[in-house]
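The values are calculated or read from the model by the stated rules, or taken from the named source; none is laboratory data. Keep in mind the model is a prediction, meaning the values are calculated, not measured. In this analysis, Cβ positions are derived from the backbone assuming ideal geometry, glycine residues included, and neighbour counts consider all displayed protein chains. Ligands, DNA and RNA are stripped out before the accessible areas are found, and what is left, the full protein with its side chains, is counted by its heavy atoms. Shrake-Rupley method; radii C 1.70, N 1.55, O 1.52, S 1.80 Å.
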Amino acid sequence: MAAALEPSIDAAGARVSLRRLSRPELIAFVREIGESPFRAHQLFRWIHLLGATHFSGMTDLSKGLRVKLETTATLEPLAVDVVQQSLDGTRKLRLLTRDGHAIESVLIPDGEKLTQCISSQVGCALDCTFCATATMGFGRNLDAGEIVDQVYRARTILPSGRRITNLVFMGMGEPLHNFVEVERSLAILMDDTGANFSCRKITVSTAGLVPGIEKLGRLPMGPNLAISLNASDDVTRDMLMPINKKWPIRALLDAVRAYPLDRRRRVTFEYVLLDGITDRDEDASRLAKLLRGLKCKVNIIPWNPHPLAPYRRPPAERIDRFQNLLRDAGLPVYLRRPRGDDIDAACGQLASRGAEALVPLRASRRTRP
Ligand code: SAH
């Protein structure tokens, strides 16, 4: 469940964004405006199952209630600003928040599976040296409404019958730096009267905030956990991911070992391959040693180049060799094929670009209510 209930109508009388309220919070809000809790269930369904963007379309609510909602509440959907389509079917969305920040979300088809990568923050505070989002600096946390609405806006560009099957918090930002709103968004996304994702279909990816991993593990609806490991020794990881100075590899792996997962689930380790830096033979053997005994799999991600970082993607033979070395050491390894190479695939690249440089395939700028 989401964190403590907050008073919904604030003292200044500002309208409440209903999109970010979990179901119990929505019930509390509806009570405050003198309505029956049943109205909360109707509202929740409109917002989180049907993706409503206006109260006026909520046809099973009385006219009087719709007017009351207009004066006490808002729905604040994101605006779909740009959709880029890659030749491999990957689609990248640039979405605008109400206060004009650009965030990204990516749809990655794989047979029947359709995975959506969602953002948890505007920019990021972590400063990983290989990441395009890091160059934007930190803007602000997204609220739960803005997190879940990425899913509802993405649905609007899908062909009919196509369904988003998996969600990964691997877009912009560090989800565990925005714990309260990410937790609230998980409760909303897993609610069976809304989008109804199973906890097995949602993965939270972290650069390694140890206290956040511990907190996530205590949630009743624990999602899958992915760790962006990206290096096999502390010297390299300190350089690539400054957060490692606070929680080095050993502390991180201890937290991962303590993360509760049932029998059928494994932790994912993401490992970005940077030419000459993380792709050496000794990295493969150190990595295999570090992960020995852990119920896990490794996703190798050849670095997605972007102009703001001094790295190179390793040549194909090197990527193959690294993968084989890990496999020979007994680790389940998956190579993340570079997707969306022909669009701004690296995380943060699209959001940080000027709109004029893009060719919008399907842009719909919403008129704000
Ligand atoms: N902060 C979270 C989620 C965002 S990054 C985390 O660190 O896990 C999502 C993944 O993309 C991470 O595994 C990160 O290492 C990887 N990544 C970031 N920039 C990349 C790039 N340019 N090429 C390949 N992978 C990248």
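Structure notes:
- Relative contact order of the chain, pairs being alpha-carbon contacts under 8 Å that are 6 or more residues apart, as %: 18 percent
- Two-site FRET efficiency, His41 against Ser160, from Cβ-Cβ distance with R₀ of 41 Å, rounded to 0.05: 0.95
- The distance linking the stretch 147-184 with the stretch 96-113 is 7 Å (Cα centroid to Cα centroid, whole angstrom).
- Mean residue ellipticity, 222 nm, helices only, the chain: the sum of -39500 (n - 2.57) across DSSP H runs of n ≥ 4, divided by residue count and rounded to 500, is -8000 deg cm²/dmol.
- The loop-placed GluC sites (Glu not before Pro) in the stretch 180-219, going by DSSP, include none that has at most 11 neighbouring Cβ atoms within 10 Å of its Cβ.
- Counting only protein heavy atoms and a 1.4 Å probe, the chain has 43 square angstrom of accessible area per residue.
- Placing +1 on the Cβ of every Lys and Arg and -1 on the Cβ of every Asp and Glu, with nothing else charged, gives the stretch 79-364 a dipole about its Cα centre of roughly 800 debye.
- Pairs of Lys residues in the chain that lie 8 or more places apart, or on two chains, and have C-alpha atoms under 18 angstrom apart add up to 6.
- Residue (of Leu21, Ser160, Pro310) at the positive-pole extreme of the chain, dipole from beta-carbon charges: Ser160
- Percent accessible area from carbon and sulfur atoms, the chain, protein chains only, probe 1.4 Å: 53 percent
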